[in-house]
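Computed from the coordinates by the stated procedures, all read-outs in this text should not be read as laboratory data. Every value quoted in this text rests on a predicted model; they were computed, and no experiment measured them. Cβ sites come from the backbone with ideal geometry, for glycine too, and all protein chains shown count toward neighbours.
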Amino acid sequence: MPSAQCRPALSAPPDTVIWQAARLFAPSGGPLTISPYGSGNVNATFLVTPAAAPSQPFILQRLNPAVFPDPRLIMHNLRVLTTYLEGRRLQPAPAPGRRWQLPRIIPTADGADFWLDAAGACWRALSFIPAAHTLDTIQDASHAREVGAALGRFHLLVSDLPPETLMDTLPGFHHTPSYLKRYDAVRQQAAVPDEPEAAYAQEFIRQRRGWAGVLEEARQQGLLTVRIIHGDPKVNNVMLDDATGQAVGLIDLDTVKPGLSHYDLGDCLRSGANPLGEETTDWDRVYFDTRLARAMLQGYLAEARPFLTAADYDYLYDSIRLIAFELGLRFFTDYLAGNVYFRSRHPRHNLWRAVVQFRLTASIEAQEADLRRLIGELR
């Protein structure tokens, strides 16, 4: 991985909890080098390199208890997933010249999947994927195609893993009708500020609330099937080969759970085909890039086509539109609630984020005919 992902080694006393955790998972005794790693904002992540085995570094993480209050559920899912994939030896195999890896659990010397420190925090170790890196934003159509391919391959590999074998670690996640109920409850308790962005957001939601249950209604009718999803298939969770730029795997598997694959694909397209990103304040220039969307869908369908049904294709457009709307709804609700869920840099930050997602949704809606035609061409 590029050195930019790994910061200077820690110089903390060797009796601190980080060092205690690292020694438990180290494959051999002796000195260790520990460096903060990556740019994630949920878990504390470190790269550990044993002096006795410098070619076998591993990832050490402290799970965020505020996000994952029951780490046993997370580790159960990760163990089931990795055991299943190792058992089937990642069949069907990747195309010639490609490699595919997912992080593996590294147990302690006692065979445990994780360790709870004296404060109750959960520590775990995962295998390190060598000669690979991540990027925070889509660089071009080739990169977009690889991001789509990575998600499609993941979905294909787990398409016959029974969903009931995994725990639902995030109940209600991507259940848009539930987010609408939460929004209604918050709006009744909190006065909507008299400002144009808030008025725009409120009206945008009002006009679309009757449609927001489109995917859940299809699931209830038996049109869409619950499968295993990644849960957070953003661009920087796709590992790219240092030499070829090809996708080699998906990381950040803590959100893997039962759900609709449309949630993943919609989220991937929402995040990857928005060139200005979620944090822009240049709202008039926010748009959904169908060129990048085409590349992502091409990569995804090249891998996922074997398990997709006719109904899956019928609801692809709805998934793209819905997830952008849903995130805007969640941002606006959090703004009204006082910014209690999403981290914010200033009081109006989540309001501005909501406007970006609603403008993105509007761009998707304006291109509905083109997107449906594109999906029809690729199916």
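Observations
- Binned Cα-Cα distances of region 38-183, short to long, each 10 Å bin given as a whole percent: 8, 30, 38, 20, 3, 0
- Lys, Arg +1 and Asp, Glu -1 on Cβ, resulting dipole of region 52-151 about Cα centre, debye, nearest 20: 320
- For the chain, the longest principal axis of the Cα atoms and the long axis of helix 176-189 meet at an angle of about 80 degrees.
- Within the chain, helix-based [θ] at 222 nm, where runs of 4 or more DSSP H residues each add -39,500 (n - 2.57), nearest 500: -13500 deg cm²/dmol
- Neighbour-count ranking [beta-carbon atoms within 10 angstrom, fewest first] of LYS181, LYS234, LYS257: LYS181, LYS234, LYS257
- Projecting the Cα atoms of LEU223, PRO275, ASN237 onto the charge dipole of region 208-295 (Cβ charges, centred on the Cα centre) puts LEU223 farthest toward the positive pole.
- Modelled label positions at SER159 and ALA141, each set 7 Å beyond Cα in the direction of Cβ, lie 2.6 nm from each other.
- Residue exposure sequence - ASP284, ASP314, ASP370, ASP334 - by fewest surrounding Cβ within 10 Å: ASP284, ASP370, ASP314, ASP334
- Here the dipole of the chain is about 340 debye; that uses its Cα centre as origin and unit charges on the Cβ of Lys and Arg (positive) and Asp and Glu (negative).
- Quarter of the Cα convex hull surface for region 210-262, i.e. its orientation-mean projected area (nm²): 4.9
- Sorted fewest first by neighbouring Cβ atoms within 10 angstrom, ILE229, ILE74 come out as ILE74, ILE229.
- Estimated FRET transfer efficiency (ARG79, PHE173; beta-carbon r; R0 25 Å; 0.05): 0.75
- Förster radius 45 Å - calculated FRET efficiency between ARG343 and ARG99 (Cβ-Cβ, nearest 0.05): 0.80
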